[in-house]
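A quick write-up on the structure given underneath.
The values are calculated or read from the model by the stated rules, or taken from the named source; none is laboratory data. Just so it is clear, the structure is predicted and the values come from calculations on it, not from any experiment. Here Cβ is always computed from backbone atoms with ideal geometry, including for glycine, and neighbour counts include all displayed protein chains. Note: areas computed on protein heavy atoms with side chains; ligands, DNA, RNA excluded. Shrake-Rupley method; radii C 1.70, N 1.55, O 1.52, S 1.80 Å.
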Amino acid sequence: VIEKPLGPSVESQPSSVYYQNGYTWYSTLSNKLYRQSPNGMKLFYSNLDKPPNIFYSDSKRVLGNDNSNIYEGYPDDQSARVDFKKIITLPESDHFGKRLLFEISGVIITGQKKGLSAWYNNKLIFYKPINDQSDLIEDLFIDNRNRLWMVMRDGGIEVFAIQDGNFSNYLQPMVKIN
């Protein structure tokens with residue numbers, strides 16, 4: 001059990017955690033972010049009052065979200081800052097769900113209150129509305145055969161073939177399991 005890994009202050013406690021390739025990002029309730037790497041723990045300050053929940057990172061940038069926005073930031077080790085800018089904003093009537101994915105071809109896949117979306121270069125390239133507005137997208141994941149699995153709370157599971165490079169037909173329905 002992790003007990004206060006980032007310090008004694010409540011505002012320094014993790015509000016979300018993201019791990020990829022030996023790097024762990026911790027977002028907090030304040031403007032602080034922490035990155036754990038093989039070189040140790042590094043504190044970063046965000047330009048936002050509360051940093052977004054990180055869902056992707058590589059050696060140069062991080063992507064994160066709050067309820068209605070996706071942000072892009074470039075960690076600067078020297079200044080210990082990450083300045084985030086909004087790159088995608090949803091209308092007030094919608095919000096992001098639990099899981100956002102960054103697919104290897106550069107597509108961001110999002111589960112939302114109203115449907116499933118895919119974004120490329122910050123533009124919507126695919127949208128599938130949820131038929132039953134009382135249902136929710138519980139989880140999204142991409143398997144090793146490059147298929148997207150969408151798990152609904154009540155509506156079963158849908159599997160999509162990902163068409164890399166073919167953004168007009170990016171997600172093709174394959175199977176629906178009720």
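The magnitude of the dipole of the chain, with charges of +1 and -1 set on the Cβ of Lys/Arg and Asp/Glu and taken from the Cα centre, is near 220 debye. Each 10 Å bin from zero up to the one holding the largest Cα-Cα distance in the chain carries the following percent of pairs: 9, 35, 33, 19, 4, 0. With R₀ set to 35 Å, the beta-carbon distance separating Asp143 from Met41 gives a calculated FRET efficiency near 0.60.
For region 87-136, what is the accessible area per residue in Å², given a 1.4 Å probe and the full set of protein chains?
Result: 52 Å² of accessible area for each residue.
Potential lengthening of the chain between Asp94 and Asp132 amounts to 12.2 nm, from the contour at 0.36 nm per residue minus the alpha-carbon distance. The modelled label-to-label distance between Leu124 and Asp77, using points 7 Å beyond Cα along the C-beta direction, is 4.0 nm. Computed in the context of the full set of protein chains, the accessible area of the chain at 1.4 Å probe radius has 48% of its extent on carbon or sulfur. Of all DSSP bridge pairs formed entirely within region 14-147, close to 95 percent run antiparallel. Can you tell me which of Gly115, Gly40, Gly156 moves the most in a GNM of the chain? Springs connect C-alpha atoms under 10 Å apart. Result: Gly40 has the largest fluctuation of those listed. If I build a Gaussian network model for the chain, linking alpha-carbon pairs within less than 10 angstrom, which residue out of Lys123, Lys50, Lys60 has the largest mean-square fluctuation? Judging by the Gaussian network model, the answer is Lys60.
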